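Novice: Got a structure for you, questions after.
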Amino acid sequence: MEPTSTPVLASTPLELDPAPGHEPEFTALFPEGATLDLLATGGTWFEGPAWTGENEIVWSDVVGNRLLVWTPEQGAGILLEPSHHQNGHTIDREGRLVAASHGERAVVRREHDGAWHVLADRHEGRRFNSPNDLVVDSRGAIWFTDPRYGIDKPEEGYGGTVEMDGARLYRLDPDGSVTAMTPPHPGPNGLAFSPDESVLYLADSEVGHILAFEVLDGGTSLRAPVTFAVLDPGPPDGVRVDPEGRVWSSCASGVQVFAPPAASDRPAERLGTVRIPERTANLAFGGPGGTTLAVTATSGLYRLQTS
Ligand code: MG
């Protein structure tokens, strides 16, 4: 990607593919005349979008080892290089940017003065594989996944030796303690809480499904999960939940939207798909009113309006 002073590179009508029986419900999620705006291009595997201001989006060029930034005034540019192959991002309760770093095999945070610090890089003496994505709960704990992509894919990290006996979901508390929250999973990746934090959704990119865990004991433990949705086409990578509890997941054809779970023993109802021209990696709500969706998809950063 080259820095550009053109804020929006292309704008096309949003392509919506409602699931049978859900057409009005799905199309009502987007304003009439909504467009898909291409904001940046030229990446190999864009990932980890986050809103660092009402109109400022940061995201990862994982393979290019750069953290990129887009604003309406400046277009796209480089924020941090090398980024140590940062992948997922989130914003913590104090407005600081938190990143999952493949290269440092750590969870890292940008302080208000701009300095980056490692918050955690090991559990019980063993180095993490390559933290992939993360979310912060209302108590300030950072939940993150630790698959092996940053080690197994030489272009997405600095390599190294695997020390963990599996890929788990961890919780990093504000006091710095790290707890393994799940047994190993094949490919734990994106994660998001329901609005009341009673459910944690976890995308597994190897299996191609999204699991739902009931959150117990004030966020300190998880019940054994149920399969919330199997994505077709998959695989899911990043997932987000909107304020009404719908689950938005990346996939090969764009962004799939699922209704809030009616009951834990029933399969999720897919409302429809927003078509994106490239395989989609991750997404983040933000912008004025929090209704703009930033989407990273292979070589491009996209933006679309929701209702
Ligand atoms: Mg990911």
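Novice: Of all the strands (runs of 3 or more DSSP E) wholly in segment 26-105, which have at least 1 residues that are over 23 Å from Val247 (Cβ atoms) and not β-branched (Val, Ile, Thr)?
Specialist: Of the strands (runs of 3 or more DSSP E) lying wholly inside segment 26-105, those with at least 1 residues that are over 23 Å from Val247 (Cβ atoms) and not β-branched (Val, Ile, Thr) span 35-40, 57-61, 66-71, 75-80, 86-91, 97-101.
Novice: Look through segment 172-197, keep the residues that are outside any strand (DSSP E or B) and touching a residue at least 40 places away in the same chain (Cβ under 8 Å), and return whichever of them is nearest to the ligand (Cβ to nearest atom).
Specialist: If we take residues in segment 172-197 being outside any strand (DSSP E or B) and touching a residue at least 40 places away in the same chain (Cβ under 8 Å), then Gly187 is nearest to the ligand (Cβ to nearest atom).
Novice: Pull up segment 264-298, narrow it to residues that are polar (S, T, N, Q) and within 16 Å of the ligand (Cβ to nearest atom), then point me to the one that is surrounded by the fewest Cβ atoms within 10 Å (Cβ to Cβ).
Specialist: Thr298
Residue by residue, here is whether (1) under 25 Å from Trp70 (Cα atoms); (2) over 15 Å from the mean Cα position of the chain (by Cα); (3) among the hydroxyl-bearing types (Ser, Thr, Tyr) holds:
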{"position": "Val257", "(1), (2), (3)": "no, no, no"}
{"position": "Pro261", "(1), (2), (3)": "no, yes, no"}
{"position": "Thr273", "(1), (2), (3)": "no, yes, yes"}
{"position": "Pro277", "(1), (2), (3)": "yes, yes, no"}
{"position": "Ala281", "(1), (2), (3)": "yes, no, no"}
{"position": "Ser299", "(1), (2), (3)": "yes, yes, yes"}
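Novice: Now for a different question. Hey, can you tell me all the residues within segment 121-139 that are open to solvent by 10 Å² or more (accessible area, probe 1.4 Å) and more than 15 Å from the ligand (Cβ to nearest atom)?
Specialist: Of everything in segment 121-139, those that are open to solvent by 10 Å² or more (accessible area, probe 1.4 Å) and more than 15 Å from the ligand (Cβ to nearest atom) turn out to be Asp121, Arg122, His123, Glu124, Gly125, Arg126, Arg127, Val136, Ser138, Arg139.
Novice: Here is a further query. For segment 68-81, give me each residue that is under 17 Å from Leu97 (Cβ atoms) and open to solvent by 50 Å² or more (accessible area, probe 1.4 Å).
Specialist: Within segment 68-81, Ile78, Leu79, Glu81 qualify.
Novice: Also, quick follow-up: Can you work out which of the residues in segment 232-243 that are modelled with pLDDT under 95 and away from the ligand (no atom under 16 Å from the Cβ) is least open to solvent (accessible area, probe 1.4 Å)?
Specialist: Going through the qualifying residues, I end up with Pro233.
Novice: Follow-up. Hey, Glu156 hits all of (1) buried (at least 19 other Cβ atoms within 10 Å of the Cβ); (2) without any contact (Cβ under 8 Å) to a residue 60 or more places away in the chain but one; which does it fall short on?
Specialist: In the conditions (1) buried (at least 19 other Cβ atoms within 10 Å of the Cβ); (2) without any contact (Cβ under 8 Å) to a residue 60 or more places away in the chain, Glu156 misses (2) alone.
Novice: Just the residues that are over 30 Å from Ser253 (Cβ atoms) and not small (Gly, Ala, Ser), please, taken from segment 223-235.
Specialist: Across segment 223-235, the qualifying residue is only Arg223.
Novice: Name the single residue, out of those in segment 140-151 being of a type in the set (A, V, I, L, M) and surrounded by fewer than 23 Cβ atoms within 10 Å (Cβ to Cβ), that is farthest from the ligand (Cβ to nearest atom).
Specialist: Ala141
Novice: Which residues, counting only those in segment 19-67, are within 16 Å of the ligand (Cβ to nearest atom) and open to solvent by less than 20 Å² (accessible area, probe 1.4 Å)?
Specialist: Gly43, Phe46, Glu47, Gly48, Pro49, Ala50, Val58, Trp59, Ser60, Asp61, Val62, Leu67
Novice: Anything in segment 209-231 that is under 21 Å from the mean Cα position of the chain (by Cα), aliphatic (A, V, I, L, M) and open to solvent by 20 Å² or more (accessible area, probe 1.4 Å)? List them, or say none.
Specialist: Those that are under 21 Å from the mean Cα position of the chain (by Cα), aliphatic (A, V, I, L, M) and open to solvent by 20 Å² or more (accessible area, probe 1.4 Å): Val215, Leu222, Val226, Val230.
Novice: For segment 172-202, what are the residues that are closer than 18 Å to Asp92 by Cα and open to solvent by less than 20 Å² (accessible area, probe 1.4 Å)?
Specialist: Answer for segment 172-202, where residues must be closer than 18 Å to Asp92 by Cα and open to solvent by less than 20 Å² (accessible area, probe 1.4 Å): Leu172, Gly190, Leu191, Ala192, Ser194, Leu200.
Novice: Here is a check on your reading of the model: is Val118 part of a strand (DSSP E or B) and either within 20 Å of Phe285 (Cβ to Cβ) or open to solvent by 10 Å² or more (accessible area, probe 1.4 Å) (or both)?
Specialist: So Val118 passes the test.
The values are calculated or read from the model by the stated rules, or taken from the named source; none is laboratory data. Note that the structure is a prediction, hence the values are computed from the model and not measured. Note that each Cβ is placed from the backbone with ideal geometry, even for glycine, and that neighbours are counted across all protein chains shown. Side chains included, ligands, DNA and RNA excluded: accessible areas come from the protein's heavy atoms. Shrake-Rupley method; radii C 1.70, N 1.55, O 1.52, S 1.80 Å.
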